[in-house]
Structures are given as C-alpha cells and as structure tokens.
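Worksheet: one structure, shown below.
The values are calculated or read from the model by the stated rules, or taken from the named source; none is laboratory data. In this text, all values refer to a predicted model and were calculated from it rather than measured experimentally. Here Cβ is always computed from backbone atoms with ideal geometry, including for glycine, and neighbour counts include all displayed protein chains.
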Amino acid sequence: MCFVHVLDTDRRVLTLTGATPPYDAVVGRVTLAVGEGLTGWVAANGRPAVLIDDKRADPRYRYISELQGERYTSMASVPMTSRPGALVGVLNVHTVERRVFGGADVRLLSSIGSLVAGAIVSARLHRRVAEREQARERFAERIVALQEGERRRLAAEIHDGISQRIVGLAFYLSAAADAVATDATFAAQQIAAARLLAREALDETRVAIAGLRPPVLDDLGLGASIASLRRSVPDVDVDVDVDVAPGALAEHVETALYRIAQEALQNVAKHAGAEHVSVTLRAAGTDAVELRVGDDGRGFALDDRPGAARVSYGLSGMRERAELISGTLRVQSRPGAGTTIIVRVPVIQAAGSSSRE
Ligand SMILES: Nc1ncnc2c1ncn2[C@@H]1O[C@H](COP(=O)(O)OP(=O)(O)OP(=O)(O)O)[C@@H](O)[C@H]1O
Ligand SMILES: [Mg+2]
C-alpha cells in the first residue's frame with residue numbers, strides 16, 4: 001500500500017493526497033500536523049524511517065482508523081523533496097507481509113519520492129499561472145466594463161448638462177447681439193445670464209472630470225491624499241510617510257498608487273484586525289519608487305489550495321494596476337504575522353524635467 005502525504009505551503013499540515021485503492025476514497029480526508037505520527041516525524045526531521053515489526057510499539061507511530069494500519073505489518077516512510085532541503089511531502093509504503101526495508105529500498109523510495117515531488121511542484125506552478133491568467137481576464141473584463149460605464153457617464157453629463165448650458169449660452173448671446181444697438185440694458189441682462197451659464201457649464205465640466213481622477217489628488221497632492229485615507233481605517237493607528245517630491249510622478253502613476261494604497265487600507269480595515277498600519281512611499285534607488293502598506297494584523301496564508309478559488313478583485317486589481325504602470329506588486333503575509341503590500345514602480349524622468357523649475 002502506498003500513501004502520498006503532501007505538505008501545505010504553510011509547512012504545517014500534511015494532507016493525504018494520493019493513495020493506492022481502496023484508500024483513494026479517503027484522499028483529502030486525512031491530515032496530520034508536522035511532527036504528528038511517523039509521517040509527521042519524517043516531515044519534521046527530513047529523514048526516512050522504517051518500522052519492520054510491531055509498529056505500535058514505536059512512540060512515533062500513530063494509528064489512523066481510516067488507513068487500517070492493523071492490516072499491514074512493516075512500513076517505510078521517506079521525505080519527498082523536489083530539491084535538497086525542499087520538502088514537498090512524505091511517501092509511505094506499507095506491506096501486509098513482514099518486510100525488512102533495507103538501505104537500497106529506502107534509496108529507491110526516496111528517488112520515487114523526488115519524482116513525485118517534482119510533479120507536484122510543477123502542477124502547483126501550473127495552477128498558479130492558470131489562476132493568475134483567469135484573474136487577469138476577469139480584471140480586463142472589469143476594466144472594459146468600468147471604461148464603458150465611465151464613457152456613458154461622461155456622455156450623459158456632457159449631453160444633459162454641459163451642452164444644454166452651451167445651447168442656452170448661445171441663445172442669450174444672440175439675443176444680446178440683436179439688442180446691443182437698440183436696448184443696451186436688455187443686452188446687458190442677456191450677457192449677465194450668458195455669463196452665469198458659462199460658469200455653470202464650467203462647474204459641470206469640473207464635476208465630469210473629477211470622476212476620472214480622484215479629485216483629492218489635485219486638491220492635496222499625493223502625500224496628503226494618501227494621508228487622508230486614514231479615515232478609511234477608523235480603529236487602526238495609521239502612520240503615513242510619503243517622501244516623494246510633488247510632481248515627481250506622472251499623474252497616472254499617482255492615481256494608480258493612490259488607488260492601490262486605498263485598496264490595501266480597505267483590506268486592512270476589512271480583514272486584518274490590526275492595531276497599527278504603516279504606509280510609506282519613498283524613492284527606491286535612483287529610478288524607482290516603492291509604496292509599502294504593512295499591518296500587524298492577523299495575516300493570511302498565501303497558498304492557493306485547490307478549492308480556494310476566490311472571487312475577490314482587491315489583490316488582483318492592485319497587481320494589475322501596478323503592472324499597468326510597469327511596476328510589480330509583492331504580498332508578504334503569514335497567519336499571525338501581519339501583511340505587507342509592496343509596490344515598486346520605475347520612475348521615468350520626463351523629457352526636459354531636469355531643467356524644470
Ligand atoms: N491586510 C490583510 N490582512 C488579513 N487578510 C487579508 C489582508 N489583505 C487581504 N487579506 C485576505 O486576502 C483575501 C483577498 O483579498 P482581496 O482584497 O483580493 O479580496 P477581498 O478584500 O476579500 O474582496 P474585494 O477586495 O474584492 O472586495 C481577503 O479576503 C483576506 O482573506
Ligand atoms: Mg479587498
């Protein structure tokens with residue numbers, strides 16, 4: 001009988017992932033902590049173990065009812081490593097008849113274990129790439145939908161608001177033009193009305209444009225805008241340190257960084273249960289800036305176990321935004337150890353910017 005127990009990417013739990021029949025029926029339903037049972041011992045120590053007789057007498061052995069250990073006499077358990085030191089899981093072989101597993105058996109099992117480990121690692125990579133691809137597609141769809149929505153909103157604002165005012169404006173101006181020679185008072189009234197409409201049209205233009213770029217960025221600049229995001233994480237102590245000269249970044253880069261900081265803080269508010277979060281934006285070397293949002297909250301497991309397919313946009317959206325400005329996004333997180341989002345964006349000196357005042 002052969003069992004493959006795979007270590008999860010948190011490196012804490014081994015899950016029965018493959019088994020010869022009839023135990024394939026319990027695949028996924030048997031888990032062991034690292035250190036638990038002989039399998040856990042092998043994972044914890046990275047060394048093979050062999051039990052030939054009376055395995056129950058070995059303190060490391062643990063009876064698992066689903067696997068019916070009473071039917072088997074001897075067992076060999078070897079670590080599966082994809083490369084030295086990189087434990088992927090544990091491979092166990094049990095025999096009905098007593099069998100003296102020797103050094104050659106253990107070596108053979110270890111090399112079979114490495115083959116399986118290699119396959120598991122590439123399957124994981126493949127799954128990660130596929131999920132990333134799906135997330136990218138979902139994001140692209142969302143962007144297109146958002147752009148469409150944005151376009152409709154702008155069209156409506158131009159059509160219903162701005163162009164109506166301009167029609168009115170033209171009307172008052174023609175009336176003023178007709179009256180200017182004969183009735184100067186009337187003409188002045190028409191011009192005053194036209195001026196009012198011009199002002200209204202201008203206000204509506206501002207409102208329409210404000211929807212495209214967070215207005216706070218123009219009003220306050222990037223540093224103060226990011227600082228103003230404090231309000232979105234009410235019960236958390238937020239530390240903001242932005243050390244990037246105003247105007248050093250292109251507008252679309254500012255918008256992306258602002259939106260990423262906004263979503264990262266939103267996540268802190270929603271998921272982290274943090275006491276403290278620090279947001280920094282600084283130069284990283286001479287040709288890049290780095291945004292970091294780090295909290296001391298509960299953190300989360302970065303692994304993508306099967307079945308954990310998520311319908312969330314936050315992290316993938318942040319990554320896509322970073323990539324759209326040629327940047328990269330890294331997430332550092334572990335359960336119990338907080339979360340840090342790190343975005344690094346290259347800064348391309350605008351032509352002539354060195355001579356700019
Ligand atoms: N700062 C954080 N602390 C703890 N867990 C986090 C943090 N940021 C993200 N997570 C975890 O990662 C998951 C994915 O985050 P993501 O922003 O992609 O989705 P979401 O916030 O759940 O939903 P959405 O952002 O689409 O509204 C979250 O559901 C949460 O479990
Ligand atoms: Mg989110």
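Observations on the structure shown:
- Flag if Val90 is within 13 Å of Phe3 (Cβ to Cβ) and assigned by TED's automatic domain parsing to the domain that holds Ala33: yes
- Filtered by the rule that a residue be more than 14 Å from ligand 2 (Cβ to nearest atom) and among the polar types (S, T, N, Q), the range 250-305 gives Thr255, Ser278, Thr280, Thr286.
- Where a residue in the range 18-41 is more than 21 Å from Ser74 (Cβ to Cβ) and its partner, wherever it lies, is polar (S, T, N, Q) and not in a loop (DSSP other than H, G, I, E, B), with Cβ under 8 Å and at least six apart: Val27/Thr17; Gly28/Thr15; Gly28/Thr17; Thr31/Thr15
- Close pairs from the range 310-339: first outside any helix (DSSP H, G or I), partner of a type in the set (D, E, K, R) and within 9 Å of ligand 1 (Cβ to nearest atom), Cβ under 9 Å, at least 6 apart: Tyr313/Glu263; Pro335/Arg298; Gly336/Arg298; Ala337/Arg298; Gly338/Asp295; Gly338/Arg298; Thr339/Asp295; Thr339/Arg298
Every residue, every condition in (1) among the hydroxyl-bearing types (Ser, Thr, Tyr); (2) over 17 Å from Thr205 (Cβ atoms), yes or no:
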| residue | (1), (2) |
| --- | --- |
| Phe139 | no, yes |
| Ala145 | no, yes |
| Gly149 | no, yes |
| Ile158 | no, no |
| Ser163 | yes, no |
| Ile166 | no, no |
| Leu169 | no, no |
| Ala175 | no, yes |
| Ala181 | no, yes |
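- Among the residues making up the range 2-13, those that are at pLDDT below 95 and either part of a loop (DSSP other than H, G, I, E, B) or under 21 Å from Ser74 (Cα atoms) (or both) are Asp8, Thr9, Asp10, Arg11, Arg12.
- Exclusive hit being under 30 Å from Gln147 (Cα atoms), surrounded by fewer than 17 Cβ atoms within 10 Å (Cβ to Cβ), free of Cβ contacts under 8 Å to residues at least 60 places away in the same chain and of a type in the set (A, V, I, L, M), set Val180, Val207: Val207
- Yes/no for Ala248 being within 12 Å of ligand 1 (Cβ to nearest atom) and part of a loop (DSSP other than H, G, I, E, B): no
- Hits in the range 15-29 - residues which are surrounded by fewer than 20 Cβ atoms within 10 Å (Cβ to Cβ) and within 22 Å of Ser110 (Cα to Cα): Thr15, Thr17, Gly18, Thr20, Pro21, Tyr23, Asp24, Val27
- Failed condition for Val236, given (1) loosely packed, with under 15 Cβ neighbours inside 10 Å; (2) touching a strand residue (DSSP E or B) at 6+ places or on another chain (Cβ under 9 Å); (3) not small (Gly, Ala, Ser): (1)
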